[in-house]
Every structure is written in C-alpha cells, then in structure tokens.
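The values are calculated or read from the model by the stated rules, or taken from the named source; none is laboratory data. In this text, all values refer to a predicted model and were calculated from it rather than measured experimentally. So basically every Cβ, Gly included, is an ideal-geometry build from the backbone, and we count neighbours across all protein chains shown. Surface areas here come from the heavy atoms of the whole protein model, side chains and all, with no ligands, DNA or RNA. Shrake-Rupley method; radii C 1.70, N 1.55, O 1.52, S 1.80 Å.
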Amino acid sequence: MDWYMMNCELLATCSALGYLEGDVYHREPDCLESVKDLIRYLRHEDETRDVRQQLGAAQILQNDLLPILVQYPQDKVLFDAVIRLMVNLTQPALLCFGKVPADATSRHHFLQVLSYLQAYKEAFASEKVFVVLSEKLYNLLQLDWEQRQEEDTLLIERILLLVRNVLHVPPDPAEEQGVDGDASVHDRVLWALHISGMDDLLKFLASAQVEQQWALHVLEIISLMFRDQSPEELAALGQGTAGAEHGEDTRELESLRQRELAEKRSRALQRPSRHSRFGGSYVLQGLKSIGDRDVAFHKGLHNLKSYTHDLGKEPRRVPRHRQAAPESEPSRRSARNVRLFLRHFCQDFLEGCYNRLMLLVKDQLVRDKAQQHDETYYLWATAFFMAFNRRHGFRPELVSETVGVRAFHFIEQNLTTYYEMALMDKKEATTWARRMHLALKAYQELLRTVQEMDRSPEQAVRDSSQVIKSNIFYLMEYRELFLALFRKFDETKQPRSFLRDLVETAHLFLRMLERFCRGRANLVVQSKHVRRKKKPRAPAAAAAAPSAAELEQLWEGLAPQLQACLEGEVPLPEDVVPFDAASETPVEEQRAEALLRIQECLRDSRLPQALRLLRSAREVWPEGDVFGAADAGPPEETQLLREILVAPLPRQAPAEPEEPEEEEEEDEEEEQTVQVSEKEFNFLDYLKRFACAPVVRALVLLLRGYARNSARTNHCAARLLHRLARDLRMEPLLFQLSLFALFHRLLSDPAAAAHQELVTLAKFILGKFFALAATNKKAFVELLFWKSPAAVYEMTKGYSSLQEGEGTTRSRVPPWTPQQEQELRELYWKYKEVEGGDVIAAILAQLPAPGRTRRQVVKQLVRMGLASSAKDFPRERKGTRIVLWTQEQEEELTRLFEEFQGSDDVLGNIMKHLTARRSRARVVEKLLGLGLVAERKELYKKRRRKSQGPGPGQAATPARDSSGEDEDSEEEEEEEEEDEAEEGLTEELWLPEEGAGQDLAQRLHQEGLAGPLRWLQNCLRRAAGDRQEDGVSHPVPLVPLTEENEDAMEDRRFQTLLRQLGLRPPASEQESFWRIPAALTPQQLRRAAASIAHRGLSGSPQDLPEPPGCPQDPAPEPLPAGLGSDSESEEPVPVPVPSPVQPRTKRRRELASEDEDEDEDGVGSGTEPAPAAPCSEEEEEDEDPQPRGRRKRIRCLEEEEEEEEG
C-alpha cells in the first residue's frame, strides 16, 4: 500500500486542522475537533500501524502540530489535545509493535515507523518548541497542591513523557555519519533543552520534596540525555588544554602510524632490489598439496608468508544462531558546548539531587510501585554518576546513598535474577544479557568506589570501606558471582563489551580480596553447603488397603465356599492361565503377578478362579514351594490361600512410557537443604575455582581483539592468566592451540611493542610448553583440548597418577582385562540356561577380586555383545519372593530362638542355622509376630568392653579397601537394603599394620583433604595420650565439628583410610559417629597418626601442630623472639602440646574435639612462592587494618570424674 495515498476520512481530518503561511499558522474553526478525531483514529489502528504511518508520511507533526503548539499555547484545551496527540505519535516503535518483528513484512512496517520517529526528533530540535514546553511546565509547577487540578497533573506527566519519547528515538546511522565533535540531532535536541531551561526544571523535580511522584520520569529522561556520553570523558573535560584532551586520539593515531611504518619496512626487506618480470615458480618442500606431491607456488617469495590453503575458497558462512552478539551503540563525542553543559549538569545533580532521587527511586522499586524493568535506570545512574564522581574530585558524601552493603545486595540480587532469566528465557536471552551488563557495570563501579575510599585521607572513610569489604567478602554470594558469570558466558547472547567489563571487574575483585586477606591469617567467611537427600517418589494414588480385621472377617465368609471348591462341589474354571510364554514380561515378574491375581480373586470372593490359579501356578513354578508343595492337600491349600489373602504384597505402579536410556535405578527425587556455616578462607583455594576451561576460554576470546582493546583491558586479562599459570603452578592449563595461534599473531605483529605485557606472558607460556614437550610427547596432542586441573596434574606428573579413584575426571572402575572378559563370558554361558535364577547374581558370586558391582557386570556384557541392553537382566522386585511361613518353618524358628536365646548374638546364630533362606528383616518380623520378642533391640548383638588390646594369639582381619569400588555401589546398597536391614550390628575388630594407610593418606593430602587429615591425626594423638595417662581404654567417638570434616567423614576414600587405620564405623542406628576402638594401644595409635602425616619433597613426615587446649588449660609459655610466623609465608605457628600429667576430664577425652583447622592456608605450603607479576601503579599495596573476625566457638562442658586421687 502506498502510504502517501491517505485515507479519505483521514485526509479530510488533517485538512481541517489549518494551514501554514510562511511562519504563521492559521488554524481552522474545527481544529480542536480534528485533533480529537486523529487521537480517535490512532486508538483504532491495525497491527501494521497504518494511521501512524499515513500521518508520518504526511508530516502532520512537523507542518501542523508543532506550529499550533508554538503559536497557540494560551488555548489550554487545544494545547492539552495537541500534547496528547504528540505523545501518541512519538511513542517508541517497540511499544507500538511489542518487539522487533521477525517476518519481513512486519519488520518493514517497524522500520518505516522508526524512520518517521527520527524525522519527528529532528523537528523537535528547535528552541521555540522547548521554550513553550518549559514555560508551560514552569507555570504548572508554580501551582500549590491545593490549586493544582487533576488536568494540571496529567499535563505535567504528558510533557515529561513527550520529552522522554523525543530523547528515546535512536539515531539514524545513514544520516549521521559525522566525526566526533560534530553536532548530531541528539546534540541539537539537548542544546535546545538547555537553552529553554528544561534542564533546571528537571533538577528541581529531582530535588523538590513535593514532587516525589516524578522521580522515575526524571531519572529516565536523564539517562536518555547521557545515552552517548562517557563519564570519564565528561569528568576530564575542562581540566587541561585542548591538546591534552585529545591526547588519547593522538596516541591512537601514533600507534596506527607505527604499525603502518613497520609493515612498510617488512615489505621492503622481503622484496628483491631488482624487479623481475618473471616471478618464478617454486616448490614448497614438506607442504603437501591435494595429492601426494609438494605444493607448487607461482608467486614471488615475498608473498610466501601469506600463503594458505584457504586461498580462493569461499568463506564459510556462520549460521545466525552462532553469530556473535552485536555490540550496543558505541559512545560518541558530542559537540564541546554540549559536553560542557552536560558536565555542569552532572556537578549540580550530584551536589543537590543524586542522593535524594536515588533514595526515592529505590523505595519505589522495593515497594513495587514502578513499572517492569524500571530498575535498569537505577543501575545505569549508579554506574554513571559514581564514575563521574570518582574521576571528578571524588567526594564520597555525594554518592553516599548508593555506597554500602545494601547497594551491593540490591545490585547482586538483580544481577542474579537477570542471569537466571537469561538461562531460562532463551528467546529473550539477548535482552536479559543487556540488563545483566547494566547491573555488572553498576557492581564494577561500586567496587571501584570502595577501592577509592581506601585511598581517602580521612580515617572515617577508610574505616567505612573496611566495613563494606568485610561484609561483601564474608558472604558467599559475592564470591561465587564471577565464577557463575564466567561459566555461563555465551558470545552469541552477550557482546564482547560484557566480557570486557566482566574480566575487569573480576580482576578488581580478586585484587581487593587478595589485599584484604594479606596480613589476616584467620579470615573467616560464610559457607553454604547444599545437601541433597534422595527420597523415593510417592507412588500413584491407590485404593486404601483393607485392615487385618476386615481381611479376617472376609476369610470367615469365604471359608464355606472354599470348602465346597476343595471337595469338588463347585467346578473350577479351565481357562485360567498364570503364565504367558509369548509375553515379553520376565518369568519372575509373571510369578509376582500370579500372586497378585490370586489375592485379587480372594478379595473379590472369586474362590474357584483363585484355587485354579494356585494349582496352575504350582505346576508352572514348582521350585521353592512358592505355591505349595507338589503333593499339597486341601488343608495345606487352605492355609496357603489364607496367608496369600492377608500378605502385604507390593502393588505395581501404573505403567509409564519406557525411556530409551538404560535405567536401573528406582525413580528418585532429591530434597535440597542449604546448611550455612563458617570456615577459614584461603585465597589460593578460592583462586583454584577459576582454573577451569570456561574461564580460560573467555579470556582467550577477549584477547583475540588485543589490538582494539584498551591497555587496561589487556592488563586485566593478562593478570588473570598470570594468576592461573604462575600463582597456581598450572602453566599447562594455558597449553591450548587457539591461545598459541593468538601468541603467534601477537609475536609477529609489527606493533607488538605496545603490548609488552602480553608478549612477556606469551614467551613464558611457550617456554614452559616446550620444556614439558621434551619429556611428554603427548603435549602436542593435548593442545587440541581445553584442560581441567586433573588433566594438568596428569600432564606434569604422569598419566597413571590419577588412577584408582584419585581424580575427579577419571573413572574409578578398574578396567577389564582379556582374562577377566573370557571368565565373564564363560560364567555367562554357564548360568544363562538356569531356570528361575538370577544370572547376574550367580556371576557376581563367582567373580574374583577386585569386586564388581551389578551395573559394571551388566554394562560389560552389553559391551561384549552378549546382551542387547540392560533390560535383559531385570532386577528381582522386592517382595516378589513369597514371604509366607509354613508351620514347620515357624516351629523351627521357635526352636532356634529358644536354643540361642542366651547367646550374645541371637539373630546371627538363628540366621546361620535356619534351613530356609530368609532375610534378617523377615526373621525379625516373624519373631515379633510370634511374640517371642517384644522389641527389636532385644535381638541386637551384645557387645563386651575390652580394657586392653587383643592377645598375641588373636588374628587381625584385614580391612576392605573400597577405593576401587564404582560410585554406583550405592545402588547395590539400596538393592540389598531389605536383606541387610539389620546388618551392621556386628563387626570384628582388627589391628592395623605398621604404615597402614600411608599411600592413601598422601593421595588425600594432594587432593586438598589436609585439614581433615590433620584433625584425624590430632584425635589419634590425644586418644593415645589419654590412654597412656589413665591406663584404661574406652571407645572414643570422632565428632566432626566443622563442615569440612563432616564432608570428609562422608567421603568413601576417607572412610577407607579410617578402616585401614583400624577405626570402627557406626555399628547400628544407635551410633552416629566413627569410633577409635578400645583395643588399639597408645603405641598403635601413635603409629597410625605418624602414617598419615604429610610428607614433603624429601619424603620425611612433616608433623603438624597439636591443637590448642581448652580455655581451662594453663597458658603455654610465650615463644622466643624470632619464632613467630612470617607474614609472607603465612605458615602455622606451632602450639605447645599440653603436659601429659595435666588432668583431663572424661567428657573432653571422649569428644576428641578438633582445632577448627587453624592452618587451612597451609594446603599449598609445600611449594615455593611464585614470583609476582608486573603490577600497574594502581596495584600499590596498602596496609588494611584487621577487622574483627567472626568465628564459631564451641565450648566443651566438662564432667568431673567420680574417682579422685587420695
């Protein structure tokens, strides 16, 4: 449709407005009615915005509405109507269409409306228009609240909205192609706004007590005014000569000139002195062409370096969903007079309006009085004006409203919300990424302001910064924020400017945290630990099971009918089949279904079908007498049917669609509970969290544009890489081909002298790589992959160093040897044809060490092609085996109970002598049902305390090493939970061999468990001292009082170490902690403590300090001068061991409390400190006063002993 061909009614309405003659506009008598008609037409326009486009094509706003506004401001009704119409016409195109349309037709309409808006903005760049608007707004603001009518309030809001809409129109890149310093359309609008005095009215609205309702409108207009400006440039404006102001441009031009001259010199050296008409042809030896021959090069030798196989090929088109995210509108330098006006506006705004306006906006945001996403204006204002204040004399009192822990919390909350929404709302991920960028800039500016406060000459300001840093470094959310942003960075959704700000902010945060930790040996921070507890999913809703009384009453009613069926008076059906040979359901499941069918028939009073099913099932499954003996008579069948009727058989849940994956576990859900605790903070341990592939990949991506980056950005990226490579001794983490290609481009760059820090880093990394490649030939292959810390450890220490379950990236499943595969194949063919048996269970019973789990065996059978999938080996359902007891079995159980009633282990002896195999849980239930015992604890094994170790004739049982078990062994425990519900009541004690657990302890030391090992060593030493002092041995529980020690006690490898040392796990549900057995002598305990001591480079054990005594102990003697800890090395201070003759109470002896890991920083003390990286001037060290730390203190309440000496 040609929009210049207007609708007839619309054309008539526009003609009735009036006409322009020269500079004078003559309105028609129906002018007011015509304006109202245009408003009515806009209200009913279609989705293509046809009315808006026709009015824009006819230039109604430029030729009619603005002249009416300028020449007839005294006509209040007409003025209000024209303002209403202009607010509607100038509203942003995004509000008209909702979003940028995807289809071509709608997008064309969107761009057409946008072009009309840009023409409107150019028309508003007039002083006359803004003078009229400013005078009208001034007159309205002069009215008191008693005199101000509702129409006046609406007109104020519409004027502010009109100014907002005009400033919101984006620039037209096709029209505005001027250089920096030229006056753009936006600059001319700002200048007209300034000349008219509108800026002063905005400052009045921001600071007036009675005009609080316009706070968000004013903040939005101010943000649009400074849209293209840089706070640093505005702050530096006017502080030097014109040459100094353009110093950055001069340096950039000089750098480009040096690069061009270097390229010219390079080309001059490559060309021969004499020109040859015939360039010649050359063969490049060692470089193969498409065939087997070498490449033939038909150009001059000076072009050899630019040769590549990609010459002449079509560039590969990058798909749209993989293209890099576009950058936001770049900041441009406005005309000098506009920048001067904006600089003075910033100064006045900070001095008189900023704190008050930000307080009002924050209150409206918190109370949900604002519109959606209005917090973005708050985030922008925080970043912009705090940066301006920091670069312009830095007065912290001017921005006090947005400096504090609450400001950090508000920004962190919004940043986290945007981060989560970007992950969930994939369609709007780019929009959420822009909002996330605003929040990140505000967070960065807060950190820079706090850093600037540290340098303030006023002590109160420095103390305030210490309080802020203590709070933000204490909370876990602020420390984990940057790791999450790095790991989820997506270059297709987030622009490079976001990555630049992220790297600079992370560098600043790490530097501030490192300085804060320096000189603080015991920095305590908050730690949150998420515990996941699996629970079975709730079964589908089923009918309530009948009670025992109801079943008994039902049986009494069925007895006469059953007697008639057994005597043959009632005929039995012949079409009842319990087994379907063609069905895919396994035989074991069909047997369980047959039991359920019999029970359902009994409960539905269908006795003939139940009896026929019982007899038919007995013929199909005669083994085990599940359905009775083959020669069972009517009395036995009657008893069997009665037991089936009352038996709690498991009901199968409704069938669900099968999943293609191999699923052997039961459906489970996870319950998450967050536990908050405190722990000692170690900066190197926190830095290790950044040693991962996503962080390195993001840094490499940023450094690819090192020539376009600022010196500050390159320094921050290089410093982060230096921390990972040198501070953590993980140089192989940077051995990656894409990074090496970047280093090659950097070293061959003629202007590389301008990036000396990057050149130094590149030479260092390349030198380390070639040194490693001399000993590890696989290092060249490792260049193709991003690496983890475990892979770095393997590259340097050997590829077999992380076997046997040591590393997180290597499987703990031992490989299958050819002999083991052959044995597994033979066992499979041996037990495959056994009817009614579990093939996997039979194979597991015959496999030799190392032990295998059911899942490992099934996966290996599938891998070997002996089975198609894991579904060929279904697990036997719990409860499918008949749990009915015959009269003979009950009599046998009663006889065994009476025989072993007085023994120490009643249940164990019964299980050994019971003829029919039953699980412990079934035996216990039957004993309770027969009334032989009143409660379960009567069946617990009776333990006898031992006052001394075993005699020389006692043999020691070796501990089970579970370090090679598969992580899926928990499934085995769940599978055997029913059969072993009462197991664990007994456990034999054994004596550790000398040096037991030494190798495993050293591996745990290397994996960061030095703190728990030190705690365990101290507990063993204390127990040895107590036993030697008292002469009596009691089992001592190991009570972990910190989260780190609790996690270690749940670690399977740490438990393996405890077993190797001779410690005893909890024996039953009455016990919760591991115990040091009474059988271990003080000498054995000391040997065990020595075996887990950390060994240094020389191989000798490095004894760790004993923990400090309780507050009641006498204070140790002061250390002589020179024996204190060095502030640089941060080594632990040895604390004297309490005297062996010092009395200890029973309570303190049994708790074996820990020392809270006072030397958590000593994890990496075995390595010498790495040399410091070259630092910039802003990285000068400053001494921070030590804040008052937070620490958990656990007071041991002592119980006095009853026996006293004398």
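Observations on the model:
- Some residue of segment 561-570 being open to solvent by less than 70 Å² (accessible area, probe 1.4 Å), at pLDDT 80 or above and either under 58 Å from the mean Cα position of the chain (by Cα) or over 29 Å from Phe873 (Cβ atoms) (or both): yes
- His507, sole failed condition from (1) modelled with pLDDT of 95 or more; (2) farther than 30 Å from Ala324 by Cα: (2)
- Any hit, segment 56-78, residues being loosely packed, with under 15 Cβ neighbours inside 10 Å and of a type in the set (D, E, K, R): yes
- Residue, least open to solvent (accessible area, probe 1.4 Å), within segment 27-46, restricted to residues that are free of Cβ contacts under 8 Å to residues at least 12 places away in the same chain and assigned to a loop (DSSP other than H, G, I, E, B): Glu45
- Checking each residue in segment 1014-1033 for being surrounded by fewer than 18 Cβ atoms within 10 Å (Cβ to Cβ) and within 14 Å of Leu1080 (Cβ to Cβ) picks out Gln1028, Val1032.
- Residue ranges of helices (runs of 4 or more DSSP H) in segment 976-1090 with at least 3 members at pLDDT 80 or above and more than 35 Å from the chain's Cα centre (by Cα): 1010-1030
- Any hit, segment 304-318, residues being closer than 30 Å to Ala102 by Cα, out of contact with any strand residue (DSSP E or B) (no Cβ under 8 Å at 6 or more places or on another chain) and β-branched (Val, Ile, Thr): yes
- Test: Ala506 is part of a helix (DSSP H, G or I) and either open to solvent by 30 Å² or more (accessible area, probe 1.4 Å) or farther than 20 Å from Leu701 by Cβ (or both): no
- Qualifying residue in segment 260-277 (condition: at pLDDT 75 or above, touching a strand residue (DSSP E or B) at 6+ places or on another chain (Cβ under 9 Å) and among the acidic types (Asp, Glu)): no
- Restricting the search to helices (runs of 4 or more DSSP H) fully inside segment 90-193 and requiring at least 1 residues that are free of Cβ contacts under 8 Å to residues at least 60 places away in the same chain and acidic (Asp, Glu) gives 150-168.
- Residues (aromatic (Phe, Trp, Tyr) and open to solvent by less than 60 Å² (accessible area, probe 1.4 Å)) located in segment 748-797: Phe764, Phe769
Table: residues versus (1) modelled with pLDDT of 75 or more; (2) more than 25 Å from Ser868 (Cβ to Cβ); (3) open to solvent by 70 Å² or more (accessible area, probe 1.4 Å); (4) part of a loop (DSSP other than H, G, I, E, B).
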{"residue": "Glu574", "(1), (2), (3), (4)": "no, yes, yes, yes"}
{"residue": "Ile598", "(1), (2), (3), (4)": "yes, yes, no, no"}
{"residue": "Leu614", "(1), (2), (3), (4)": "yes, yes, no, no"}
{"residue": "Glu662", "(1), (2), (3), (4)": "no, no, yes, yes"}
{"residue": "Glu669", "(1), (2), (3), (4)": "no, yes, yes, no"}
{"residue": "Val676", "(1), (2), (3), (4)": "yes, yes, yes, no"}
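- Restricted to helices (runs of 4 or more DSSP H) entirely inside segment 816-916, those with at least 1 residues that are among the β-branched types (Val, Ile, Thr), over 27 Å from Glu935 (Cβ atoms) and modelled with pLDDT of 80 or more are 839-846, 854-863.
- Residue check for Ala81: part of a loop (DSSP other than H, G, I, E, B), free of Cβ contacts under 8 Å to residues at least 60 places away in the same chain and either open to solvent by 60 Å² or more (accessible area, probe 1.4 Å) or among the small types (Gly, Ala, Ser) (or both): no
- Condition check for Leu513: out of contact with any helix residue (DSSP H, G or I) (no Cβ under 7 Å at 6 or more places or on another chain), surrounded by 14 or more Cβ atoms within 10 Å (Cβ to Cβ) and modelled with pLDDT under 95: no
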